[in-house]
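Got a structure for you, questions after.
The values are calculated or read from the model by the stated rules, or taken from the named source; none is laboratory data. Small disclaimer: the values here were computed from a predicted structure and weren't measured. Virtual Cβ from ideal backbone geometry, glycine too; neighbours counted across all protein chains shown. Heads up: the accessible areas ignore ligands, DNA and RNA and are worked out on the full protein's heavy atoms, side chains in. Shrake-Rupley method; radii C 1.70, N 1.55, O 1.52, S 1.80 Å.
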Amino acid sequence: MMKRPIQLSHDFLAEVLDKDSIAVDATMGNGHDTAFLASLAGKVYAFDVQKKALQKTQERLAQLGMDNAQLILEGHQHVDKYVKEPIRAAIFNLGYLPSADKSLITKPDTTLQALQKILKKLEIGGRAAIMVYYGHDGGDVEKDAVLNAVSQLNQAVFAATLYQPLNQINTPPFLIMIERLKEDERNKDQQEA
Ligand code: SAH
């Protein structure tokens with residue numbers, strides 16, 4: 001069977017993770033991705049704005065006996081306040097948390113701020129996966145904003161690829177995969193100046 005986007009997102013990140021690496025879960029939700037990343041990375045920074053997400057994730061990690069994830073009750077747009085190390089892998093699951101308040105959704109502005117900050121800190125060879133859920137109110141606007149921003153990444157610095165079901169009814173989620181190929185020379189100049 002062909003991989004579903006969510007499966008591919010994990011395989012894509014697993015290929016670059018090891019116990020010396022830092023990973024970021026930008027949208028903790030039920031904690032599936034946090035647990036997945038924690039099983040492969042040295043340390044995981046996980047963000048969510050809902051207490052419920054932190055509780056669920058905390059329980060999941062405790063059951064698995066994992067203690068290498070830091071759960072942060074704050075928006076992912078503040079990722080640079082917490083993550084000072086270079087990032088090897090990051091994941092976003094956009095939209096709302098199915099088991100919780102469906103009006104609490106990720107938003108274009110903050111999603112793009114978080115993405116930009118994470119990409120800036122991504123190691124060479126580091127990867128980011130974005131699962132785009134867009135069937136809800138407001139989902140379309142966020143989908144377009146993310147696709148637009150990723151499409152404009154400098155191709156010399158990042159590879160960016162889309163993996164999307166084409167003949168499924170409704171609005172199945174799709175995956176954006178990003179890999180850093182090299183330093184951004186413009187960033188470097190700014191830092192040196
Ligand atoms: N749609 C996915 C789940 C997405 S969960 C699915 O069906 O599997 C998205 C999570 O992002 C929610 O738990 C929500 O609370 C969280 N979130 C919303 N805004 C956020 C922000 N600014 N920073 C971090 N997490 C945020």
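Output the number of residues of region 101-113 satisfying the condition of being open to solvent by 40 Å² or more (accessible area, probe 1.4 Å), assigned to a loop (DSSP other than H, G, I, E, B) and of a type outside the set (S, T, N, Q).
Result for region 101-113: 4.
Next up: Please tell me if Thr34 is of a type in the set (Val, Ile, Thr), free of Cβ contacts under 8 Å to residues at least 40 places away in the same chain, over 26 Å from Gly125 (Cα atoms) and in contact with an Asp or Glu (Cβ under 9 Å, 6 or more places away or on another chain). Outline the logic, then answer.
Numbers: of a type in the set (Val, Ile, Thr): yes; free of Cβ contacts under 8 Å to residues at least 40 places away in the same chain: yes; over 26 Å from Gly125 (Cα atoms): no; in contact with an Asp or Glu (Cβ under 9 Å, 6 or more places away or on another chain): yes.
No: the conditions fail for Thr34.
Between a first residue in region 60-84 that is more than 12 Å from Val49 (Cα to Cα) and a second residue that is open to solvent by less than 30 Å² (accessible area, probe 1.4 Å) and among the polar types (S, T, N, Q), which pairs have beta carbons less than 8 Å apart while being 6 or more apart in sequence or on different chains?
Arg60/Thr34; Leu61/Thr34; Ala69/Thr34; Ala69/Thr57
So, one more: Taking only pairs six or more apart or across chains, which ones have beta-carbon atoms under 8 Å, a first residue in region 98-124 that is under 17 Å from Leu147 (Cβ atoms), and a second residue that is of a type in the set (Lys, Arg) and more than 9 Å from the ligand (Cβ to nearest atom)?
Leu119/Arg180
Tell me yes or no: at least one residue of region 123-138 is within 19 Å of Phe47 (Cβ to Cβ) and aromatic (Phe, Trp, Tyr).
Yes.
May I ask you to list pairs of residues, at least six apart or on different chains, whose Cβ atoms are under 9 Å apart, with the first in region 167-186 being closer than 13 Å to Gln155 by Cα and open to solvent by less than 20 Å² (accessible area, probe 1.4 Å) and the second being of a type in the set (Val, Ile, Thr) and away from the ligand (no atom under 16 Å from the Cβ)?
Here the result reads Ile178/Val150; Ile178/Thr161; Arg180/Ile124; Arg180/Val157, each pair linking region 167-186 to a residue that is of a type in the set (Val, Ile, Thr) and away from the ligand (no atom under 16 Å from the Cβ).
Table: residues versus (1) hydroxyl-bearing (Ser, Thr, Tyr); (2) in contact with a strand residue (DSSP E or B) (Cβ under 6 Å, 6 or more places away or on another chain).
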position	(1), (2)
Asp18	no, no
His32	no, no
Ser39	yes, no
Gly42	no, no
Ala46	no, yes
Ala69	no, yes
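Okay, next question. Can you give me the number of residues within region 20-71 that are within 16 Å of the ligand (Cβ to nearest atom) and part of a loop (DSSP other than H, G, I, E, B)?
The number of residues fulfilling the criteria is 8.
Given Gln116, Gln77, which one is open to solvent by 60 Å² or more (accessible area, probe 1.4 Å) and under 24 Å from Lys182 (Cα atoms)?
Gln116
Next question, about the same structure. Of the residues Tyr133, Tyr96, which is within 23 Å of Leu8 (Cα to Cα), open to solvent by 60 Å² or more (accessible area, probe 1.4 Å), within 12 Å of the ligand (Cβ to nearest atom) and at pLDDT 95 or above?
Step by step, each of Tyr133, Tyr96 is checked, and only Tyr133 is within 23 Å of Leu8 (Cα to Cα), open to solvent by 60 Å² or more (accessible area, probe 1.4 Å), within 12 Å of the ligand (Cβ to nearest atom) and at pLDDT 95 or above.
Then there's this: At pLDDT 95 or above, part of a loop (DSSP other than H, G, I, E, B), within 8 Å of the ligand (Cβ to nearest atom) and in contact with a strand residue (DSSP E or B) (Cβ under 8 Å, 6 or more places away or on another chain) - does that describe any residue in region 78-86?
No, region 78-86 contains no residue that is at pLDDT 95 or above, part of a loop (DSSP other than H, G, I, E, B), within 8 Å of the ligand (Cβ to nearest atom) and in contact with a strand residue (DSSP E or B) (Cβ under 8 Å, 6 or more places away or on another chain).
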